[in-house]
Amino acid sequence: MKEPAPITHDDFIVGYQSGRLGCSVNVLRVFSLVYSTKIREKRVVTEVVGWSIGLLAMICLWVWGIFSLPLLWALAGGALVMAVFCLSALHRVGDAVIAAALSDTAFYQVALEQHAFGCATDGEGNLPRLNKVVPMRDPRQARRR
């Protein structure tokens, strides 16, 4: 299968803001890149490490629950809570990767090269192109004003 040509960072920002661009994040690949120190973006590393520590805490609580609760309740409750936890982690890490890719050109290039991040247009072929891209403000700065 032929791989499509990657779009530039400026086109990515314009397409994402207009809603004509779809993004996919390979979260397991992001986890491996963070732990191999190929990704050092502070927001992404914070999310990955935080959710990893949370996963270890969930596993410890589940083991404690197996010994202190009836086995059926512990297994059912543990499976349900772990599923919700993992889905939340996938969404939060994916959001952090997209936010970092929108704000940092270098991170965008690394994520594309390492196949941790992918973009796809809606197939119309009319992705707007601008000569100048207006930088987005950091959400934390926007709240202060």
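Return yes or no: is D95 under 28 Å from E113 (Cβ atoms), at pLDDT below 90, assigned to a helix (DSSP H, G or I) and not aromatic (F, W, Y)?
It is false that D95 is under 28 Å from E113 (Cβ atoms), at pLDDT below 90, assigned to a helix (DSSP H, G or I) and not aromatic (F, W, Y).
So, in the range 1-55, of the ones that are under 17 Å from A120 (Cβ atoms) and among the hydroxyl-bearing types (S, T, Y), which residue ends up modelled with the lowest pLDDT?
S18
Looking at (1) in contact with an Asp or Glu (Cβ under 9 Å, 6 or more places away or on another chain); (2) exposed (fewer than 13 other Cβ atoms within 10 Å of the Cβ), can you tell me which one L21 breaks?
Result: L21 fails condition (2) only.
Has the range 90-97 got any residue that is of a type in the set (D, E), closer than 26 Å to G15 by Cα and within 15 Å of the chain's Cα centre (by Cα)?
yes
Here is a yes/no grid of residues against (1) at positive phi; (2) in contact (Cβ under 8 Å) with a residue 40 or more places away in the chain:
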position: V14; (1), (2): no, yes
position: V25; (1), (2): no, yes
position: S32; (1), (2): no, no
position: T37; (1), (2): yes, no
position: M58; (1), (2): no, no
position: W73; (1), (2): no, no
position: A79; (1), (2): no, no
position: C86; (1), (2): no, no
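Of the residues that make up the range 65-80, is at least one modelled with pLDDT of 90 or more and under 13 Å from the mean Cα position of the chain (by Cα)?
Checking the range 65-80: not a single residue is modelled with pLDDT of 90 or more and under 13 Å from the mean Cα position of the chain (by Cα).
In the range 39-52, what count of residues is obtained for those that are buried (at least 16 other Cβ atoms within 10 Å of the Cβ) and free of Cβ contacts under 8 Å to residues at least 40 places away in the same chain?
1
The values are calculated or read from the model by the stated rules, or taken from the named source; none is laboratory data. Model, not experiment: these values are computed from the prediction. No Cβ is skipped: glycine too gets one built from the backbone with ideal geometry, and neighbour counts run over all protein chains shown.
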